[in-house]
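Before any comments, here is the structure.
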Amino acid sequence: MENSPRNAADHDLNFRAPPPSPIASHSARRSSVLNDEELSEFLQTSLRVPDLILPGRIFPRETLAATPPEIDLRSLISSKTDSISRIRESITSIGCFQLVNHGIPCDLIRSVAAAGAGIFELPAKSKVMMSRLATESRYGFEEFYGEEETQASEEFIWCGEDEGLKSVMERIWSEGYSNFRTCANFSQKMNGLAKEVEEIAEKVLALLSDNAPKLNKATSLAETKAYRHELVCCLYRHCQNIPVSQRANYLKSDIIRMLIRGSDYSHALCFHICDGLSEFHLYTKKGWITFCPKKDAIVVTAGDKLQVWSGGQYKNVIGRPIFKVEDQDPLSMSFLYSPSLIKHSCKGKTEKTISLRQQVMLALLLTLIYHSLVFFHVKL
């Protein structure tokens, strides 16, 4: 029986075709696999913790500069205009100058260095007892924890007024560990050298204060009985038994550590006494300078307090002597001088400054927080 046109039309209106089903093809499966591989590679790359590298400016570049001038102490005492202007210009430009004919006997310097070398010959157990952490003071061995420190350079902070450290030294040296006779022998020699440096520091600071109102006002009160000062000596033994292949990396890490710790001992002037050094490095935030000091000269560098008190006129730098000897471990001494009277008068201003160490720690902390947030965000 043939269908009528009407029945055919009704059939077309009532028919609804099912939706087309997806057809799995080879190209579609291949595209899905490629997408999965790309997603997996992206996740692995995102979850990989990158190597944290300090910014390049943390290790400053070497800059070309003239050798710091040689200033005769006798000409400073006689108030010669030429010497006074040269010392101010040098502190303003590079924050350093060389002091010659200073009047400190070379025999006194060598005897103090020989006596101080005995401190670094103490056993590791005694060094731990004399560390800053053990004595709970600012003085003693710097960050000494055990035998592994004997392969690196060591630093000992000394101050004759610290009774806690003196008692520990007397107890250890009484056991026969010292290379010199008694604690009194070392203290007497060091106090004699510190007194000589103190007298020079007062004269230099008085000359620099003429162009700085805050320094001038404070140093004018230095003649009163209430005036006190702070003088700290840092004895540094430069170990030379480091493999040649590792010296470059060790020097770089030592410089970065020195820059970070530069604010631990705030001071106005630093007097570097280094017998037999090959060259001297000056480090600032902008760069570093290398020069060869004159024999028997004292290298004087400006501290952070001097820069703050002068309103930025005098530049703060960090100095480090470099020795190139193979058969011995040379010893250098740095005397950090800071008048307590000026320190208290400028306390409010110094607390507002942000040191280089705080800036480095803040940068590292922010970097770690950023990568941690990225890691957890991708993982979730």
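When the range 286-304 is limited to residues that are surrounded by fewer than 23 Cβ atoms within 10 Å (Cβ to Cβ) and in contact with a helix residue (DSSP H, G or I) (Cβ under 7 Å, 6 or more places away or on another chain), the one that is farthest from L73 (Cα to Cα) turns out to be D304. Selection of the range 100-119 for residues being crowded, with 17+ Cβ neighbours inside 10 Å, touching a Leu at 6+ places or on another chain (Cβ under 6 Å) and of a type outside the set (G, A, S) yields H102, V112. Taking D72, is it at pLDDT below 70, of a type in the set (D, E) and more than 21 Å from V317 (Cβ to Cβ)? Against the criterion (at pLDDT below 70, of a type in the set (D, E) and more than 21 Å from V317 (Cβ to Cβ)), D72 does not qualify. Assessment of the range 356-370 against the conditions (modelled with pLDDT under 70 and among the hydroxyl-bearing types (S, T, Y)) yields no matching residue.
C96 passes every criterion in (1) among the hydrophobic types (A, V, I, L, M, F, W, C); (2) closer than 27 Å to V317 by Cα; (3) more than 23 Å from the chain's Cα centre (by Cα) apart from (3).
Picking from residues in the range 265-285 that are in contact with a helix residue (DSSP H, G or I) (Cβ under 8 Å, 6 or more places away or on another chain) and part of a loop (DSSP other than H, G, I, E, B), the one that is farthest from L99 (Cα to Cα) is K285. Candidates are the residues of the range 360-374 that are touching a residue at least 12 places away in the same chain (Cβ under 8 Å) and more than 17 Å from K285 (Cα to Cα); the one that is nearest to the chain's Cα centre (by Cα) is L364. The conditions of being out of contact with any Leu (no Cβ under 6 Å at 6 or more places or on another chain), surrounded by 10 or more Cβ atoms within 10 Å (Cβ to Cβ) and at pLDDT 90 or above are met by F97.
Would a scan of the range 335-346 turn up a residue that is at pLDDT 80 or above, outside any strand (DSSP E or B), closer than 23 Å to E155 by Cβ and in contact with a strand residue (DSSP E or B) (Cβ under 6 Å, 6 or more places away or on another chain)? No, every residue in the range 335-346 fails to be at pLDDT 80 or above, outside any strand (DSSP E or B), closer than 23 Å to E155 by Cβ and in contact with a strand residue (DSSP E or B) (Cβ under 6 Å, 6 or more places away or on another chain).
The values are calculated or read from the model by the stated rules, or taken from the named source; none is laboratory data. Since the structure is predicted, the reported quantities are computational estimates derived from the model, not experimental observations. Here Cβ is always computed from backbone atoms with ideal geometry, including for glycine, and neighbour counts include all displayed protein chains.
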